[in-house]
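Nothing in this text is a laboratory measurement; each read-out follows from the coordinates by a stated rule. No experiment lies behind these values; they were computed from the predicted model shown. Don't worry about glycine lacking a Cβ; one is built from the backbone with ideal geometry, like all the others, and counts go over all protein chains shown.
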Amino acid sequence: MEPGDSTKQARAAAQLRKGVLEYCVLALMRDRPRYGVELLQALEDSGALATSQGTVYPLLSRLRRDDLVTTTWQESTSGPPRRYYALTESGRAALEEFTRVWPGFRDAVDTFLTTPHPAHPSTGDPA
Amino acid sequence: MKISADPVRDYLAAVEREASVLPADRRQELLADLAEHIEVARAERPDVAVGDVLMELGDPRTIAQTALAESGGGAAAWGAAGEPARRGKVHPLVPLLMITLSLPVAVLFSDAPAFQLLAFLLRVTGAVLLCTSVHWTAVRKTTGVLLAAVLPSAAIVTWNLSAGAGVGDAPAVLPNLVAFALMAGTSVWLWRARRV
């Protein structure tokens, strides 16, 4: 049985999110360190990138293992201390690399989605 | 069902259960991250029910699956992580030998129906094992089955039904040798082309 349209859309969005989420998380830390709940709130507010919040922690854990981010504890005026995530040198480099390739990638996809593709040129009408 | 007094502990226990295949240190890290998140979220939004905080975190199984994928660098790492594959783990030599040896078995014991059946079963089982193996691509499997099993079988049947029938054993030597060479040659090719 074919899955419903909403399921298909959700799957397409999930596939897209999988590829770009880590760079969006890195981008959120570009200007200042952020703590987990804050990162998740920003993703939530973005709409399209909102995801089951708990799944971002395994991603953050990998970024930490791959030395793209570091964490530091900071006391808070309200509640428990927060663990802040900050970019490392290689994290910043990875973000810059993604920032460089993304426009070309986005434009290429847009081109495929919007340009009409005629049939094979040799089968076109003689002028 | 027991009514729970501590939904947070129950939630973390569910994550722990679902993440049981994760290495222990990764699992503890994940649980610590989630516990921290819950604590911070509750401190920042004291008016939100703890159930809502847990619901926003999401399904424990989904979180555990994501952690599993991230811990090995994606689904491709499943095999490398030491998870046994459920099928296709047969040594690549097994289907090749079964297919190749089915012919000598059939020829050498051509008077014994039991051995004819054995030869047939060897060839079919070999072909099935070849098709379910993880050691070859789909194209190579198809080519292999066609060349090593289907084509020789079809040739032998054709031979038996036409020219070879009733002539005696001697003229059948050549086609049998050709069929055997085809099977052996294909098996050698498959062996060399296998994925290790």
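Which order do the peptides B:127-134, B:105-112, A:29-36 take when ranked by the mean count of other beta-carbon atoms within 10 Å per residue, highest first? Please list the in-between numbers first.
On the way: B:127-134: 18.1, B:105-112: 14.6, A:29-36: 16.4.
Answer by packing, highest mean first, reads B:127-134, A:29-36, B:105-112.
Calculate, for A:E89 and B:A184, the FRET efficiency according to 1/(1 + (r/R0)^6) with r their C-beta to C-beta distance and R0 45 Å; round to the nearest 0.05. Could you put the intermediate results ahead of the total?
Working: r = 58 Å, r/R0 = 1.29.
My answer for the efficiency is 0.20.
How many partner chain Cβ atoms sit within 10 Å of a residue's Cβ in peptide B:19-26, on average, as a whole number? Display every interim value, and only then the final one.
On the way: counts 1, 0, 0, 1, 0, 0, 0, 4.
If you average over the peptide's residues, the count of other-chain Cβ atoms is 1.
Cα-based Rg of chain A per 2.2 N^0.38 Å, rounded to two decimals? Can you show the working numbers first?
Values: Rg = 20.1 Å, N = 127, 2.2 N^0.38 = 13.9 Å.
Here the answer is 1.45, to two decimals.
Averaged across A:37-46, how many Cβ atoms of other chains sit within 10 Å of each residue's Cβ atom? Please report the intermediate quantities before stating the final value.
Details: counts 10, 2, 0, 4, 2, 0, 0, 1, 0, 0.
Mean inter-chain Cβ contacts per residue within 10 Å come to 2.
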Ellipticity estimate at 222 nm from DSSP helix runs (n ≥ 4, -39,500 (n - 2.57)) divided over chain A, nearest 500 = -19000 deg cm²/dmol
The stretch B:110-148 to the stretch A:63-114: how many Å between their Cα centroids?
-> 52 Å
Hey, got the Cα dimensions of the stretch B:93-192 along the principal axes, in Å, largest first?
-> 43, 23, 18
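Ranked highest first by average number of other Cβ atoms within 10 Å, how do B:44-57, A:5-18, A:105-118, B:11-24 line up? Mind dumping the intermediate values first?
Working: B:44-57: 13.9, A:5-18: 11.4, A:105-118: 8.6, B:11-24: 16.5.
The most tightly packed comes first, giving B:11-24, B:44-57, A:5-18, A:105-118.
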Just grab the label-to-label distance for B:T137 and A:T111, each label 7 Å out from Cα along the Cβ direction, in nm (one decimal).
-> 2.8 nm
Inter-chain Cβ neighbour average for residues B:27-40, partner chain, 10 Å = 4
Per the Debye formula with a single identical scatterer at each Cα and no solvent contribution, what log10 I(q)/I(0) holds for the stretch B:7-77 at q = 0.12, 0.17, 0.26, 0.27 Å⁻¹?
-> -0.32, -0.61, -1.16, -1.22
Can you list, bin by bin at 10 Å, the percent of alpha carbon pairs in the protein assembly as shown, starting at 0?
-> 5, 18, 19, 15, 14, 13, 10, 5, 2, 0, 0
Efficiency of FRET from Cβ geometry, A:T72 and A:F98, R₀ 35 Å, rounded to 0.05 = 0.90
